[in-house]
Number of protein chains: 2
Amino acid sequence: MNWSVYFGRRLSQVSPRRSHSVCFQRFVPSPSWILKAWETPEAEILAVGGLDAVVFLRIILFSLRIFSVAAFMGIFLVLPVNYHGQEMHQDRIQSESLEVFTIGNVKLGSKWLWAHCLALYIISFTACLLLYFEYNSIANMRLAHIRTSLPNPRHFSVLVRAIPWSPEESYSDSLKKVFKKYHGANYLGHQMVYHRGTVQKLLTETRKLCKMISSDKVRDRLNILQCTLCSSTSDSFRVLSDEPESMNGKSPSREREISSNAKETPAAFVFFKTRYAADIAANVILSTNPMSWVTNYAPEPHDVYWSNLSIPFGQLWLRKIITLLAAIVFMFLFLIPVTFVQGLTQLDQLQYSLPFLRGILKEKYMNQLVTGYLPSVILLLFLYIVPPTMMFFAVIEGSISRSGRKRSACHKILYFTIWNVFFVNILSGSVLRQLDALSTPKEIPTQLARAVPAQATFFMTYVLTSGCASLSSELMQPMVLIWNWFKRVILRQKDDMVPYSFPYHTEVPRVLLLGFIGFIFSVLAPLIVLLLLVYFFLAYLVYRNQILNVYITKYESGGLLWPTVHKTLVFSLVFMQITALCVFGLKNSKSAVSFTIPLVVCTMLFNEYCRQRFYPIFKNTSAQILIEMDQEDEQSERMEQIHQDLQKAYNQITLKSQDLHKPAQLSRPTPTRSDEGRIGPERDQGS
Amino acid sequence: MNWSVYFGRRLSQVSPRRSHSVCFQRFVPSPSWILKAWETPEAEILAVGGLDAVVFLRIILFSLRIFSVAAFMGIFLVLPVNYHGQEMHQDRIQSESLEVFTIGNVKLGSKWLWAHCLALYIISFTACLLLYFEYNSIANMRLAHIRTSLPNPRHFSVLVRAIPWSPEESYSDSLKKVFKKYHGANYLGHQMVYHRGTVQKLLTETRKLCKMISSDKVRDRLNILQCTLCSSTSDSFRVLSDEPESMNGKSPSREREISSNAKETPAAFVFFKTRYAADIAANVILSTNPMSWVTNYAPEPHDVYWSNLSIPFGQLWLRKIITLLAAIVFMFLFLIPVTFVQGLTQLDQLQYSLPFLRGILKEKYMNQLVTGYLPSVILLLFLYIVPPTMMFFAVIEGSISRSGRKRSACHKILYFTIWNVFFVNILSGSVLRQLDALSTPKEIPTQLARAVPAQATFFMTYVLTSGCASLSSELMQPMVLIWNWFKRVILRQKDDMVPYSFPYHTEVPRVLLLGFIGFIFSVLAPLIVLLLLVYFFLAYLVYRNQILNVYITKYESGGLLWPTVHKTLVFSLVFMQITALCVFGLKNSKSAVSFTIPLVVCTMLFNEYCRQRFYPIFKNTSAQILIEMDQEDEQSERMEQIHQDLQKAYNQITLKSQDLHKPAQLSRPTPTRSDEGRIGPERDQGS
């Protein structure tokens, strides 16, 4: 019954007719998925999950590698030094437990701090080297991904927004005139974007018609009928190109009628004859007014977020500012539950504010439970409302593509998580009484140096609870399972589940936060690193399985996540160094402090170098690749076919109706050549 | 004798042969220049000084306009309120003098603060309106400037840097191969950049040869000879284009010989057949490695800073970071003289630290002199070393053009001036004993609110001394005068002075700083505004005269200064509002505070809107204009001529030798068509 939850991707690849007869051997609980996840080569992951999935797994691989080095340094260099730091403490190990393994146990002005300094150097240099190679290899993979991909409509298309309104002619006409004038040789055609309401209305009317004609029993006939209707509707929105064949529509009079009813927005997809021409059009400013005729790279057809395309371009900057402010306000409002949580870690504080708990907390078991696990659990529960909120902000912001929306939400969740989970816990966790911690910047280094090692225990439990909870919930998919059960048992719907695409916006920040915690404590309290190694190993297996079996790849950003990941990892590195610097300062070790400062500078310079060297590859496509691809296609005479397919690629009706009809197979357009280029399951959905 | 100092531009326009016979009537001291400066229409300024001069004068005009409004509001609204603020003070006017006119005289929680709030609103709205219209009109002027300019070689050229080294072929060959492959249809030719040493050596050899042949007496013959030599040398560096005529050099064997001797750098100017093609090449990323084949818009031929072109591209990011850090360190080192200066304004403090002065300071006259004028004078003297230092930083940074270097220096000087003159005086002027003012951010608003009105007197004298000193020194040009006298009397050189180009990098920050001071005090202590009005009026006359008579326009950035100016003015506005906010807070007027907050938000949104609306015009040229210009030239069949001239435009030898030979007329290339397009005096220099 629940196989659609755990094998969504595989199910979507199999024809729906045969699904009941196929025996899913893998459905019985067996450990074979672990072997499968472990053995699958990266090339297969790339073919199945796309470049984004590979990039995500690379984050985990990088973490595994660097934390192996950190664990080695920690166990053989830092831990012994910490343990032998203050000899008087050695007999109290039982009671003090984990505290002796942190840097807090090292004497003031100890000569042994060079060990920490050395560990810091080795971890930083290894991390920078690994990061450089990762960035390099992912940049190359991105280039190869673009170069070897089959013709993709997005490379030939440009999204034009803010077409100026004129009383004489429609948006479509003025666009045609301008692009014929300035890009005459390369302009192929265009596809206007219509208002959401219009498209919606047409779709519901069509569906109503379908329902009127046929009942549920003759479903097969309905399907055929609906397909015909939808395809005729989509014909009426065919590309308004200058090629003669576009005028040979099936019913020209009806076509014109619907077109005039549909309300055009000042946005359109413009198609060009070559990839290079489209790239130029996207990069060059066309008009003397920078707020009109704005051109952008077009997203992939399935990636387009249609309803945001009709937002007036002039609003976008305002929307961006407003969502930024809203996200910041949300971040600070979230302090309320977080302050409550870190109150729980301080037992005396808790007993003081909630006196009725005193009786329960006297029991040792309850005591450990409350101070150990409860805070993390509450924090995790509160964190569940963050992704939907940030996703909502990303929509308000006006992202034009689904992947862009996810990326924007990912950034917001990342900042949010690091700020709330780490900084607030560190900075106010130990100074609940002085909430004005931030008002004395001079105190921050000392406070940081005191608070970070002290919070090591909290973060060990956080890694345990958060790591276990996230991995097991990722594997079990409880929400989807419950929803599936609800639908089957209560609503009595028999539709298969629509498989989801990978939630990068929640998983990337989660993995990066754990990496951040790992870096901070790798020198100060190396025991956490061992826990993290276990987590990352399990995560590697689990996420590989999920990518192979559960999620589908609807669209692809081509590894655009990596620059963010790189930046966050370098930030973690620098923050690790600065924290260590503060701790060294607190331990009165001037030589260790002066050795660490150049390390911070070098790491920042390394980041800047990587930005210069690799970041432009992720921002623009190089002309060289585009021109070579164009030349190949022209030589093999595929160009003609590509141009024909192009004009059907961005069809608001067909693409939207796919989202609306839950059984996605119904109203699909005939698969075009350009669709064949897409890696992933959509190709198979319709066949 | 000194006319070259005061009429440099006019002299340079007159043929040097005739210069001794022309009678300079305007040289006798007469007020007629004032009339001339006042009457000259903006169109003539534009023709004579270029768009940059007009933009500079627009800053002064804007200041005049907004401070007229501010003065009106100040005199009829704010001053009376301030004056009647605390009645008990009215009989002490004589002793307290100017303090009663500041906001400091208003009672705590006074209802009359609405007057200040209203003045703030009116000034802010007027300023935003004026700024919008200025930005709009300057953006239009920039567009018109590009559209109406005659063919300019920079529009057809692209600077390519970081050509990858290959052992098989020279930079020139690999560039040719790559651009023929990827820009085949539009590539016209290219001009390599040679190492500075090589060019220098060739030039000195040529000049040595000239000296050997002829003595000083037969100067005329030498000139001719040198011209011939240089032009033959420059021929040997002719464009290595694929057009057949480029191979018809005068002496192909010698050409090849010198070419092989000259050491190529991995940088070159590449010429394209159309402006649009060059624009595309500059905007599109060519290679898959973003650190090689880097393309930029080319500067004008006379604007190129040749020696920086040979800096390896990979160094640039590092150089930028290093100069930024150096500038910041310089900024903080400068605190030493500034702290000394603001110590002088506090008499008791001074007497305490320098006891021997106590006798002198008892006299009232000396007392006023020391606290009033001396600090400003010392500060001004120290400020004289700032522009050369910042110019040096801008060179180290690797600017590829002279105007870019000046712009970079201008930014640095601007930040420097505002930080040092204003913030340090305000923040530490009143709290000399607590140097850790910045370590308590919570205190800053209160401190700001207390210190700003208190420092009004200092800034009044600063405006007086700085304004008078800068304007009179601008008019008298003492340094140039002394140098001129030194050269004539001591060195016995009879060369005419080479006229300078306008020092935007020192004058723009100076005018903007005074505007900044004006904005801050326009509500708090409106008397300063009256002084500023006088200053800006005089500045308007003086700078108009200087642009008309003294400076020449060697190169033009096309109004690129304005975005910086706009940003600084908006910053001044916001800072004025925030200071007022703090003062209102200190006066316990909650309603005034809550009325001011939306104003700050609106001003920031206004700035963001302007950035969206106008800034791209200053960053890129729109394709529309370029395509139209190309089409016009093609229709009028000028294109052929332009292409021919283009290949001589960027000639390192000729352009460098012009810099080296002081009388700039000597080794000029025959004026090409493209030079005719330049507005300004170079056109006339050679004729």
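Numerical summary
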item	result
Residues (among the β-branched types (Val, Ile, Thr) and either out of contact with any Ser or Thr (no Cβ under 8 Å at 6 or more places or on another chain) or modelled with pLDDT of 90 or more (or both)) located in segment A:382-417	A:385, A:389, A:395, A:396, A:400, A:413, A:417
Those residues of segment A:267-287 which are facing chain B (nearest Cβ under 10 Å) and not small (Gly, Ala, Ser), in sequence order	A:276, A:279, A:280, A:283, A:284, A:285, A:286
Residues (among the small types (Gly, Ala, Ser) and out of contact with any Ser or Thr (no Cβ under 6 Å at 6 or more places or on another chain)) located in segment B:581-626	B:585, B:589, B:591, B:592, B:594, B:623
Spans of helices (runs of 4 or more DSSP H) in segment B:591-687 with at least 1 residues modelled with pLDDT of 55 or more	B:623-635, B:639-649, B:652-660
Residue match in segment B:621-643 (condition: surrounded by fewer than 22 Cβ atoms within 10 Å (Cβ to Cβ) and on the phi > 0 side of the Ramachandran plot)	yes
Subset of segment B:455-484 (residues that are within 21 Å of the chain's Cα centre (by Cα) and aromatic (Phe, Trp, Tyr))	none
Residues located in segment A:100-137, provided they are touching a Lys or Arg at 6+ places or on another chain (Cβ under 7 Å) and either of a type in the set (Val, Ile, Thr) or not assigned by TED's automatic domain parsing to the domain that holds residue A:61 (or both)	A:106
Test: residue in segment B:133-156 that is closer than 30 Å to residue B:66 by Cα and aromatic (Phe, Trp, Tyr)	yes
Tally of residues being assigned to a helix (DSSP H, G or I) and of a type in the set (Ser, Thr, Tyr) across segment A:376-424	6
Tally of residues being part of a helix (DSSP H, G or I) and within 25 Å of the chain's Cα centre (by Cα) across segment B:120-179	25
Single match in B:565, B:534 (criterion: among the aliphatic types (A, V, I, L, M) and within 14 Å of the chain's Cα centre (by Cα))	B:565
Criterion violated by residue A:637 - all others in (1) within 11 Å of chain B (Cβ to nearest Cβ); (2) free of Cβ contacts under 8 Å to residues at least 12 places away in the same chain satisfied	(1)
Failed item, numbered, when residue A:285 is tested on (1) over 26 Å from residue A:647 (Cβ atoms); (2) touching a residue at least 60 places away in the same chain (Cβ under 8 Å); (3) outside the structural domain of residue A:407 (by TED's automatic domain parsing)	(2)
Residue tally, condition buried (at least 19 other Cβ atoms within 10 Å of the Cβ) and free of Cβ contacts under 8 Å to residues at least 40 places away in the same chain, over segment B:52-81	0
Leading residue by the ranking (nearest to residue A:462 (Cα to Cα)) among those in segment A:287-305 that are buried (at least 18 other Cβ atoms within 10 Å of the Cβ) and within 24 Å of the chain's Cα centre (by Cα)	A:303
Pairs where the first residue, in segment B:600-620, is touching a residue at least 12 places away in the same chain (Cβ under 8 Å) and facing chain A (nearest Cβ under 7 Å) and the second is of a type in the set (D, E, K, R) and part of a helix (DSSP H, G or I), C-beta under 9 Å, 6+ apart	B:617/B:142; B:620/B:279
Flag for residue A:5 being within 24 Å of residue A:124 (Cβ to Cβ) and either at pLDDT 80 or above or surrounded by 14 or more Cβ atoms within 10 Å (Cβ to Cβ) (or both)	no
Tally, over segment A:309-335, of residues that are farther than 30 Å from residue A:651 by Cα and part of a helix (DSSP H, G or I)	13
Any hit, segment B:516-535, residues being touching a Cys at 6+ places or on another chain (Cβ under 6 Å) and more than 30 Å from residue A:294 (Cβ to Cβ)	no
Hits in segment B:26-83 - residues which are not small (Gly, Ala, Ser) and not in a helix (DSSP H, G or I)	B:28, B:29, B:31, B:40, B:41
Residue in segment B:288-302 that is within 13 Å of chain A (Cβ to nearest Cβ), under 13 Å from residue B:160 (Cα atoms), modelled with pLDDT of 90 or more and in a helix (DSSP H, G or I) present	no
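The values are calculated or read from the model by the stated rules, or taken from the named source; none is laboratory data. Everything numeric in this text was worked out from a predicted model, so none of it was measured. Here Cβ is always computed from backbone atoms with ideal geometry, including for glycine, and neighbour counts include all displayed protein chains.
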